[in-house]
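Some notes on the structure that comes next.
The values are calculated or read from the model by the stated rules, or taken from the named source; none is laboratory data. Note that the structure is a prediction, hence the values are computed from the model and not measured. We place every Cβ from the backbone using ideal geometry, glycine too, and count neighbours over all the protein chains shown.
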Amino acid sequence: MCIALISTSHPRYALVLASNRDANSHKKQEYIARPTAPAEWWSAPNEHVLGGRDLLRSVQGTWLGITRQGRLACLTNFREDSTSAAPISGLQSRGGIALAYLTVPADSDETPADAAARIVGTDGIHDVGGFSLLLGQLRRPAADGRRAPLGVISNRTPDAQDMPWIAAAKGEVHGLSNAHFGDASWPKVSSGERMLREVLAKDSMRTDASKEQLVDELFDLLSVDTLPKRKAGQAWEARIMQLRNSIFIPPLHKNDGSLDADELHAARSRDWVHARAASTGLDDVYATHQQTVILVDMDGHVTFVERTLYTGKDDGTDSVRTFEFDIEGW
């Protein structure tokens, strides 16, 4: 149940993006044990791309990436049941679709609209699990606040003609999760949008504001846990449906309903997850795994901070990686 929150409302930043990547809950290999590479600059011929990678699929796609030229892609997978017309996990990697946008040659003149049409028109695109892909090319805002917009495409729409374009003007705040863009039935999205407005408004008023403080407060937002307690006897699928209520997903596993109160409290902690990693490899644990904050200031300077919560190390420490660069052609 991933989430991406996007805003153009901060006076010092052209774009603010805060994102949680949660492990997918459909198959065993898609829990937080799913092999992934942390954010880094990729190797040639894609050395202009920064992002994490999914190592389970041979294509090694990504859920979130940005290029030195300002191309941005953020992927969220739909929450679909196994009776959907399209398979939840098909031959084509959804992360490979984001990769296909980011890895065009650095000097390509393909516009985001062209890319959207290309992606939606790909053979078999409607036969894989549902997804939304936020994409665009970041550029300096105009004097009146207008910006190069970001598009939201989905393989659950017939073509790219009706795709929404967002973040085209100052003052916008948007959220995207595991459903169609604009789906009002996801409390985590509406609450995330509200909290992002509050965080950015507060930071905008500070006379001693620092980038580091804003990054910390955005990570605090991404860590808000409002998941209801699991009811006695509640089925796992019903439990999964409750994840739409919380921005942050604490460690969960199918059998937590059989634990006593002390065991259940322990099972919702990072210490428990790291201890379990040493004995089981995390195969049955579902949780928010990676958190990412991207700030793009008015001069095109990018700050990209990724926090990996469950590294599998028995010391229980997070992994934090920070990258900074200037967008070429800003």
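Data table
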item	result
Matching residues in the range 145-194 - criterion: being under 28 Å from PHE248 (Cβ atoms) and polar (S, T, N, Q)	SER154, ASN155, SER177, ASN178, SER185, SER190, SER191
Matching residues, the range 237-257, being β-branched (Val, Ile, Thr) and at pLDDT 85 or above	ILE247, ILE249
Verdict on ASN178 being closer than 22 Å to LEU309 by Cα, of a type outside the set (Lys, Arg) and free of Cβ contacts under 8 Å to residues at least 60 places away in the same chain	no
Matching residues, the range 115-145, being within 27 Å of VAL173 (Cβ to Cβ), without any contact (Cβ under 8 Å) to a residue 24 or more places away in the chain and charged (D, E, K, R)	ASP144
Sole exception among (1) modelled with pLDDT of 80 or more; (2) farther than 25 Å from ASN178 by Cβ for ASP262, by number	(1)
Every pair of residues 6+ apart whose Cβ atoms lie under 6 Å, when the first sits in the range 230-256 and is within 14 Å of ALA23 (Cβ to Cβ) while the second is of a type in the set (Asp, Glu) and surrounded by fewer than 20 Cβ atoms within 10 Å (Cβ to Cβ)	PHE248/ASP225; PRO250/ASP225; HIS253/ASP284
Among (1) out of contact with any helix residue (DSSP H, G or I) (no Cβ under 6 Å at 6 or more places or on another chain); (2) modelled with pLDDT under 95 - the single one ALA167 does not satisfy	(2)
Residue list for the range 160-182, restricted to those being among the small types (Gly, Ala, Ser) and closer than 18 Å to PRO11 by Cα	ALA167, ALA168, ALA169, GLY171
Output for the range 186-217, where each listed residue is closer than 16 Å to LEU176 by Cα and either touching an Asp or Glu at 6+ places or on another chain (Cβ under 7 Å) or assigned to a helix (DSSP H, G or I) (or both)	PRO187, LYS188, VAL189, SER190, SER191, GLY192, GLU193, ARG194, MET195, LEU196, ARG197
Pick from the range 87-113, criterion farther than 25 Å from LEU150 by Cβ and buried (at least 16 other Cβ atoms within 10 Å of the Cβ), ranking: modelled with the highest pLDDT	SER89
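Quick grid of which residues meet (1) closer than 22 Å to VAL293 by Cα; (2) modelled with pLDDT of 95 or more:
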{"residue": "GLY136", "(1), (2)": "yes, yes"}
{"residue": "ARG139", "(1), (2)": "yes, yes"}
{"residue": "SER154", "(1), (2)": "no, no"}
{"residue": "PRO187", "(1), (2)": "yes, no"}
{"residue": "ARG197", "(1), (2)": "yes, yes"}
{"residue": "ASP203", "(1), (2)": "yes, yes"}
{"residue": "ARG206", "(1), (2)": "yes, no"}
{"residue": "LEU218", "(1), (2)": "yes, yes"}
